[in-house]
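The values are calculated or read from the model by the stated rules, or taken from the named source; none is laboratory data. Just so we're clear, the structure is a prediction, and the values are computed from it rather than from any experiment. Here the Cβ positions follow ideal geometry from the backbone for every residue, glycine too, while neighbour counts run over all protein chains shown. In case anyone asks, the SASA skips ligands and DNA or RNA and just uses the protein heavy atoms, side chains included. Shrake-Rupley method; radii C 1.70, N 1.55, O 1.52, S 1.80 Å.
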Amino acid sequence: MWRAIVETALLFFTPFVAYAIFYLLQRRWPFVRELWHGRIVSLLTIAGLVVAIVGVVTLGLTGLNQGAYVPAHVENGKLKPGRFE
């Protein structure tokens with residue numbers, strides 16, 4: 001569950017990080033209030049939502065979902081390792 005939340009959050013914050021890196025590469029300090037006015041934050045939020053939605057849909061459609069995790073357990077006196085089913 002945490003993995004899905006963290007992956008989605010990282011996808012959402014990608015445009016914000018890219019915007020900050022853009023200003024760092026221009027040798028400007030990106031954490032100045034004037035650079036983060038309402039229109040920019042709105043556009044970055046929309047871009048973050050689009051990236052997060054596309055990323056989640058892509059992960060869902062590519063079949064990278066590994067299914068349910070079965071933890072390690074003892075079966076017939078032998079230890080069976082954990083696995084995804």
- Task: Could you please give the count of residues in region 36-49 that are of a type in the set (A, V, I, L, M) and open to solvent by less than 80 Å² (accessible area, probe 1.4 Å)?
- Result: 4
- Does LEU79 fit the bill of being modelled with pLDDT of 90 or more, open to solvent by less than 80 Å² (accessible area, probe 1.4 Å) and at negative phi? no
- Considering each residue of region 69-85, count those that are touching a Phe, Trp or Tyr at 6+ places or on another chain (Cβ under 9 Å) and in a strand (DSSP E or B), and give that number. 4
- Query: Taking the condition aromatic (Phe, Trp, Tyr) and in contact with a helix residue (DSSP H, G or I) (Cβ under 6 Å, 6 or more places away or on another chain), does PHE84 pass?
  - Reply: no
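Residues are listed down the side, and each one gets a yes or a no for (1) part of a loop (DSSP other than H, G, I, E, B); (2) touching a Ser or Thr at 6+ places or on another chain (Cβ under 8 Å); (3) open to solvent by less than 80 Å² (accessible area, probe 1.4 Å):
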site	(1), (2), (3)
TRP29	yes, no, no
GLU34	no, no, no
ALA52	no, yes, yes
THR58	no, no, yes
GLY67	yes, no, yes
- Query: Which ones in region 49-76 are at pLDDT below 85, among the small types (Gly, Ala, Ser) and under 25 Å from VAL17 (Cα atoms)?
  - Reply: GLY60
- Task: State yes or no: is LEU11 in a helix (DSSP H, G or I), surrounded by 12 or more Cβ atoms within 10 Å (Cβ to Cβ), hydrophobic (A, V, I, L, M, F, W, C) and within 12 Å of the chain's Cα centre (by Cα)?
- Result: yes
